[in-house]
Every structure is written in C-alpha cells, then in structure tokens.
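J.: This is the structure, below, for whatever I ask next.
The values are calculated or read from the model by the stated rules, or taken from the named source; none is laboratory data. Bear in mind the structure is a predicted one, so any value in this text is a computation, not a measurement. As a convention, Cβ positions derive from the backbone with ideal geometry for all residues, glycine included, and neighbour counts pool all protein chains shown.
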Amino acid sequence: SHWLKYGSARRHVLSLEVVLADGTVLRAEREPLVGGASQDANPRKRDLINALVRVVQENASAIRAAQPRTPVHRGGYGLAEVLGDGYFDFARLLTGSEGTLALVTEAVLRTVPWPRYRGVTLLLFDSLDSATRAVLEVLSHRPSACDLMDRRHLSLARENDARFELLIPRDIEAALLVETEGERLVEVRERIYRLAEDICRVRRLAVESRQALDPAEVELFWQLARRITLRGCTKPVPIVEDIVVPPEILPDFLVRVQNVLKRHEVVASLFAHAGQGQLHLQPFLNLADRQDVRKMQCLAEDLYDQVFAAGGILGGEHAAGLSRTPFLRRQYGELYEVMRQVKALLDPQHLLNPGKVIADATATVGTWLRPPVPAAKPEEGPPAEPDRPPMRDLIELQLSWNPGQAADLVRSCNGCGDCRTQAPEARMCPMFRALPTEEASPRAKANLLRGVITGRVSLESLTSGEFKAVADLCFNCHMCALECPARVDIPRLMAESKGAYVAAKGLRFSEAVLIRLDLLGMLGGRLAPLVNWALGNRQMRWLLEKLLGIAQGRKLPRVAARSFVRRAARRRLTRPTRRTGHKVAYFVDAYANYHDPQLGQALVAVLEHNGVAVYVPPEQKQSGLPALSLGDLDFARRVAHHNVAVLAEAVRQGYHVVATEPAAALCLIREYPALLDDDDVRLVASHTSEACTYLWRMHTQGRLQLDLRPINATVGYHMPCRLKALEVGSPGENLLRLIPGLTVTRIEEGCSGMAGTFGLRRENYRTSLRIGWNLICRLRHPDIQAGTTECSTCKIQMEQGTSKPTLHPIKLLAYSYGLLPEAEGLLSATAKERVVT
C-alpha cells in the first residue's frame, strides 16, 4: 500500500547472505567492477559475477525493450537495475527472485524513520468509474498510500465487522482509502481535509468522506482494506490478481475487465493499490466444482490478454509463484530466455523452488490446486456439485453445527502459513512459537481434518493417539482464529476433534481432575489451613504431581475458607433486586469463587460505588471451559445448559451479565453458542460483558465516578489472549490509566503460556514456561513494582518466575476508590515459592 512513498523492497536491500544451489555461501551486495569485471577474492563468486555481467551486457537491448511503462514492475529477475557505472548489484538481482536463484539466510536492510503522524481519508463514491477517475487527482496531493475498494469488497468487509456498517452506507459503489504522513499533526490534519474538500466539493467526484487522525481509528480504517473473511464454497479466489497497469488508464481498463467477467458469467471483488495501478482482482469461484476450475484457466487467459494489451504486467507486489509463472514467457518475450540463462548460471539443475519463474509451459492456473473439500450431503448442508462425490460420512458431530459448516471451515484454510509467524507484533500461534514444527501450527490441524474429509486420512484416525497428540497442541487461546487472514476457527475444529476422541476413549484421570477444579476448590475450602500448607510443602507437591499430574514446580493459588458466593449470600447479593436502573448479574467462575473472593468483593464495591446493583446467582456453576479445552463436550454442554438457564432468567429481569474472568466471558459469548442451539444461549451471549469492558463502557458514557485517589506505583499490564479474542480493545488498561499517579507499562510479549489448565499439567510445564518466558523477564525489570492482568491463570504464570505480585485491574481500581484498603499490602506482597499471592 505504501509503495507511493517508500517504493519496493528492492530499494531497501543493502546486502544478502545466500546459499547457492551447490551449497556455496556468498555475501551478495553491490559489487565493484574494475575494467568491467569483478576482482573478488572468492573465485566462485568472481566467476559467477563476471558471467552474469556478460549476460546482462550481451542482452542489453532485449532488457531495455522488455521494460514496462508501469510504475511498479517487480516480477521476474530485475536485470534492468543490476548493472551500473562500475558496479554489479548482486543483491538487487537476488531480491524478488522468489528463492529460485539462491536461499537467503541473512539480509541487511536500509530502514526509514517511522512517520510521527498519520491521517487517513476515506472517500466514498457512487460509481467505480468516479473512484478511478479520482485517483490521479488524489496523487496530486502526494499521499503515502491510495487504495481502491469496490462494492463487493466493501460488502465483505461489512459482513466481517459490524463497525463498518456505520462507516460505509450500503449504496456506496467504491471507496478510496488515502493515507497522509507528516511530522506535525496540524500539517497532516490540514492535508487530509484539503484532500476531502478537493475531491468531494471542488471536483464533485466523491459523495462523502470520512477522516481519522487517532491511531486506533486509523488502524480501524486500514482493517477495512485488510481483513476480509473468505467463507463458503463460492468465494473470492486470488488466482488472477496482482496485475499492474498504468494508473492513467485505470477507468478504461476496468471497463475491459468487466466485459471479460460478463463473458465468463463471473463476478469478482476488486481491491487495488490504485496510486500505482496495481489490482487485486478476485473472481468468485467454487474450487470444489470442476466446471469452475476449468473456467479459471480461460478466465485467466482472457484477463491477461487485456493486461498485456494495455501495456501492463503480472506480479507487481507478490511473487509470480506457480499460478502466474506459465504466463511470464508471454510477458517477457525475448527477456525470458535471458532470465533462463541467469537461472542456468546459479541453479542449473533447477533445485531451488522448481516450477516458479523459470519453468516449462505445460502448467496451468489450476495445476497446483489443493485437493478440494467436497460439498456436504444434501440433507446435511449445501447441495453437492453434480460432478463431485458428496462429503464422507463423519462420526456424529458434538458441537452445534452440521458437516457442511465444518467442511466449509476446513476449506477456508488455503495453507498460506501466516499462522507460522514469529513476528513479535503478532500473537499467533503461541504453541508454534515454542515448538516450531509443522504439527504445532494451526495449519496442520486444518490439513489433518481436510485429509479426513477428503478420504486421504481414515475416519478411525480421529480416535488415535497420534491424532490426539496433534489436537493437544491447540490449547484454545483463539489467537489463530483472530489473526488468520481467512479467520479459520481452528479452536472450534480442535474442540470437535478432541470431543470425538473423548467420546470414544474417555479422559485420563489427570484430565478428569482438571475439569473439576471447582470441586477441588470447594472441598479444599473446608480444610483451607491444611490444604494451603500442603500447597506450599515440597513433599506434598511431589505427591500431588504423582497422583493428579499437576506440576510440582507450578505455583498454585491458595483456597479460601469461605467462597465468594457464600460471602455474597451473607450480604443478600444472591437475591434479585427490585430496583430499577443499571444492574448486573455477576458470573463468578471458579477462581474468584474459591481462590480469590477478594476480587469478587472488589467488583461489587466498584459497581455499587457507581450506582450499579449487583446480583450473584447462587445456582451458577463454573464456566466449563477446561472441559471444552480437553474435549469433554458432554460435561461442558451440561454445565453450559445449567448456566444459560440461570443467567437467561436474570437477563429477562433486566440484568446484564458480567464476568471478571475473560475466559468465562468468552465462554458465555462464543463457546456456549457453539455447544447449544437455542434462543436462551443467544440471549445470554448478547447481554454479557467482561467486567472491565463493562466499566470502561460506563466511563465512555460519562457514568463512571472519577473520585480516584493516587496510587504511586508502576505496574506492568499483560492482555490475556482470551480477552484479546473478544475484540473489545484494552478496557482494563484504559481503566488503570484513569488512576492518578499510576504508571502503566504495556507488556506485549505474546501469550503468557498458561492457557487455562494447560500450564498446570506436568507434561506441559516446561513448554508453558517457554511460551511465557519473555513476559516473565519483562516483569522482573526493577522499574515495575507489580503485574496486572484480567486473567487468573495469566496471573499464576506472571508470578511463576518473579516474587512480584500480579493484581486484577479491578482490585487496583477499588483500592484507588478507597473501597479495598487491604490492597495496599498486596502491591508490596512477595509471592511464595509454590503459591501465588
């Protein structure tokens, strides 16, 4: 998107360390030439550079003739830019060669300063033609990005995120997202509003505009361009995308594209980096339908005919890959043979990334398609295609969906590998980060189920130990479902898979214990002094590990002598109030009930201080998430049915449900609707909030009291994965920043690694610590006095490797209100060796 300002990656690569096909390791950079030849001390490198120089010099006219008139042209090998006055730029030749010339093991990049301020203007148009004609006018304002989205792309965005319903009216046919950067906020503000004035009022091309300067709002606008969920059998398929034409001919070129699509009776969505004339065209096709697969090749040929006729090229941003390589020979003409000579010099046996850039012309667009997931049986889902066999009979599904929906979810994974990322700014996948093997990746789970559905893997494998070992590498953090470009819900697929295994084989004893930690908490409370002594005793913890499988080294929470629900009953909070106005039903869950009743007391105190009545339904049970994560779906369903019945009645009486445990809120909002299919579960889900989210909403509505006393401390805030999965922002962190004197340091080091009961188990203990180690190390910084997080199991992990306490944000808020004086001691408390504070 930001090519307009920063250009392509080729411009920013200074040098590369590479491995050639014969195993030679070289440093590739701008190599000096003396008398037109390299004098490098390495004979292999010297001979190779001299041979490449000869190829470029001998074919200079063919190279010049093949250069397109488009501003972007990254495809193939960049031969036009490698030979200069007294140098050969070896790094530039290899950059963008798609791994077909060498393997890159190290890169030195030229960086540019991050812009201090960014602002975006969203220009809305009543026709696609008006939007494309506006592009050249927008470029006169020197934007850093200018992206075009058509009606279908906008429609997909609205389906994906309800916030875009308010942002973009349904009658809008196209939009331009324009970003402006600058060092002064006033300058950026002036430029984005001047742009809107020019395009909307002076030139009358756009009908409306939206502006954003706040970083969170700017990011929301960019999500419009980036987060498009692909669902269903027929969906937009990126098979003929990434084409570039001169920007000035965009209006006429898109008319030609529409004519091709009409001729093939295909619709498509369009997203374009319009400032540089680069188009991502995605036809709506069903790749499980052989007729659509055959149509794909003809469609690609006709569309590429129009691209070449317009002086355009393929591959302006992405690799040519397997699908576009068959068309490169036609695009480059004589230059293709020159590129073949380059390939022969560096990889004569075609060992590196075969089939890409330089390949035989026998492949088609559909040659490398993955085996399709067939349609479900007619009585169970969408009708099967006439030339495809119906989807195989599956064992009885235990979640609230049909085989067609399950197959659709599996089909949505295209194997892109984004879930294997190690990027620090991403969360997924914590397990893959700790165990970087393919079976630990979310993609592996989708591929395994794809194999079952297509018949390549036997149905019986679902109940095998090998399958369970792979399924257990998902601990239901939901980060892949949140960050996957196609929003593939791997946790739901794995819940179904684990459910199949448990239905056939049952739970191990240690797993059965973990799904009833509430029962242990209740029984332990009756002998609290003895139990708490045992939790801190080395010998008793050894015995606990042997009997129950709970890691001896894991710090565990103390049990309370009196549960929170019992304390609430003494205050008559377990009786519904007759009051009108704002009132909440508190869903406590096991940790606050049996281990940290002070948290429940803090929530009640804060809510009552702000005029909100609190009701604690006495019949409620634990959330059941441990059972869901471990595959005991029958038990989880019984718990869900009971809790929904209790909470639905409260909602009908005017209560809004809140939970201090993010996992419990996620259960009510996401997991219970996957287990049950009735109106009550949807009623409860639509009237449930995580507690900090509820309080922050009160603040944004002007209803939260701000009579807060200073807390002179620095705390490190960690956002739990299951709160992040709710997509509500950072309400707990925002509340903490309201407290005078309190310095909040955001610790963004990924998942804590506890993942509910996962980190409690002996076999997972070291993996759990490996996942959360960076978080623990940050908490050890001397400037941080305490940790803070909404999640109880994250708290356990945060106190595992440090003596500093970790508190729930609501406890700190209650203390600042003067409602929880005992919290002052908690800020300076020291965690014991085997128990948490």
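J.: Report yes if some residue within the stretch 725-735 is under 30 Å from LEU543 (Cβ atoms), in contact (Cβ under 8 Å) with a residue 24 or more places away in the chain and out of contact with any Pro (no Cβ under 7 Å at 6 or more places or on another chain); otherwise report no.
T.: In the first step, residues of the stretch 725-735 are kept if they are under 30 Å from LEU543 (Cβ atoms); the result is none.
The answer is no; no qualifying residue exists.
J.: Does ARG558 meet the test of being touching a strand residue (DSSP E or B) at 6+ places or on another chain (Cβ under 6 Å), buried (at least 16 other Cβ atoms within 10 Å of the Cβ) and part of a loop (DSSP other than H, G, I, E, B)? Lay out the reasoning, then the answer.
T.: Working: touching a strand residue (DSSP E or B) at 6+ places or on another chain (Cβ under 6 Å): yes; buried (at least 16 other Cβ atoms within 10 Å of the Cβ): yes; part of a loop (DSSP other than H, G, I, E, B): yes.
Yes.
Here's the yes/no breakdown for (1) touching a helix residue (DSSP H, G or I) at 6+ places or on another chain (Cβ under 8 Å); (2) surrounded by fewer than 13 Cβ atoms within 10 Å (Cβ to Cβ):
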| site | (1), (2) |
| --- | --- |
| ARG54 | no, no |
| GLN57 | no, yes |
| SER61 | no, yes |
| TYR77 | yes, no |
| ALA91 | no, no |
| THR95 | yes, no |
| LEU101 | yes, no |
| LEU109 | yes, yes |
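J.: Test VAL646 against the criterion of being out of contact with any helix residue (DSSP H, G or I) (no Cβ under 8 Å at 6 or more places or on another chain) and either assigned to a helix (DSSP H, G or I) or assigned by TED's automatic domain parsing to the domain that holds ASN476 (or both), and give yes or no.
T.: Details: out of contact with any helix residue (DSSP H, G or I) (no Cβ under 8 Å at 6 or more places or on another chain): yes; either assigned to a helix (DSSP H, G or I) or assigned by TED's automatic domain parsing to the domain that holds ASN476 (or both): yes.
Judged against the criteria, VAL646 is a match.
J.: Could you count how many residues in the stretch 759-789 are among the polar types (S, T, N, Q) and in a loop (DSSP other than H, G, I, E, B)? It would help to see each step written out before you state the result.
T.: Here is the first cut: in the stretch 759-789, the residues among the polar types (S, T, N, Q) are 764, 767-768, 774, 785, 788-789.
Subset that is in a loop (DSSP other than H, G, I, E, B): 785, 789.
Qualifying residue count, the stretch 759-789: 2.
J.: Right, next: Looking at PRO386, PRO378, PRO382, PRO390, can you tell me which residue is modelled with pLDDT under 65 and in contact with a Lys or Arg (Cβ under 7 Å, 6 or more places away or on another chain)? So that I can check it myself, show each step before the final result.
T.: Details: PRO386 fails: in contact with a Lys or Arg (Cβ under 7 Å, 6 or more places away or on another chain); PRO378 fails: in contact with a Lys or Arg (Cβ under 7 Å, 6 or more places away or on another chain); PRO382 fails: in contact with a Lys or Arg (Cβ under 7 Å, 6 or more places away or on another chain).
That would be PRO390, the only listed residue that is modelled with pLDDT under 65 and in contact with a Lys or Arg (Cβ under 7 Å, 6 or more places away or on another chain).
J.: What number of residues in the stretch 651-685 are touching a helix residue (DSSP H, G or I) at 6+ places or on another chain (Cβ under 9 Å) and over 23 Å from CYS791 (Cβ atoms)? Spell out how you get there, then give the answer.
T.: Taking the stretch 651-685 and keeping what is touching a helix residue (DSSP H, G or I) at 6+ places or on another chain (Cβ under 9 Å), we get 651-652, 655-676, 678-685.
Among the residues that remain, those that are also over 23 Å from CYS791 (Cβ atoms) are: 651-652, 655, 676, 678-683.
Residues meeting the conditions: 10.
J.: Quick check on my filter: what residues within the stretch 595-634 are under 24 Å from THR793 (Cα atoms) and of a type in the set (Ser, Thr, Tyr)?
T.: Within the stretch 595-634, SER623, SER629 qualify.
J.: Collect the residues in the stretch 159-186 that are surrounded by fewer than 17 Cβ atoms within 10 Å (Cβ to Cβ), assigned to a helix (DSSP H, G or I) and in contact (Cβ under 8 Å) with a residue 12 or more places away in the chain, keeping them in residue-number order.
T.: GLU159, ARG163, LEU185, listed by residue number.
J.: Criterion first (closer than 22 Å to ALA131 by Cα, in contact with a Ser or Thr (Cβ under 7 Å, 6 or more places away or on another chain) and buried (at least 20 other Cβ atoms within 10 Å of the Cβ)) does HIS280 satisfy it?
T.: Working: closer than 22 Å to ALA131 by Cα: yes; in contact with a Ser or Thr (Cβ under 7 Å, 6 or more places away or on another chain): no; buried (at least 20 other Cβ atoms within 10 Å of the Cβ): yes.
Spelling it out, it is not the case that HIS280 is closer than 22 Å to ALA131 by Cα, in contact with a Ser or Thr (Cβ under 7 Å, 6 or more places away or on another chain) and buried (at least 20 other Cβ atoms within 10 Å of the Cβ).
J.: Can I ask one more? Tell me, yes or no, whether the stretch 740-762 has at least one residue that is crowded, with 24+ Cβ neighbours inside 10 Å and among the polar types (S, T, N, Q).
T.: Looking for residues that are crowded, with 24+ Cβ neighbours inside 10 Å and among the polar types (S, T, N, Q), one finds at least one in the stretch 740-762, hence yes.
J.: Something else now. Specify which of the listed residues (MET698, MET754, MET719) is over 27 Å from the mean Cα position of the chain (by Cα) and not basic (Lys, Arg).
T.: Details: MET754 fails: over 27 Å from the mean Cα position of the chain (by Cα); MET719 fails: over 27 Å from the mean Cα position of the chain (by Cα).
The unique qualifying residue is MET698.
J.: Only one of SER803, SER828, SER752 is under 28 Å from GLU511 (Cβ atoms) and of a type in the set (S, T, N, Q); which?
T.: On the way: SER803 fails: under 28 Å from GLU511 (Cβ atoms); SER828 fails: under 28 Å from GLU511 (Cβ atoms).
Only one candidate qualifies: SER752.
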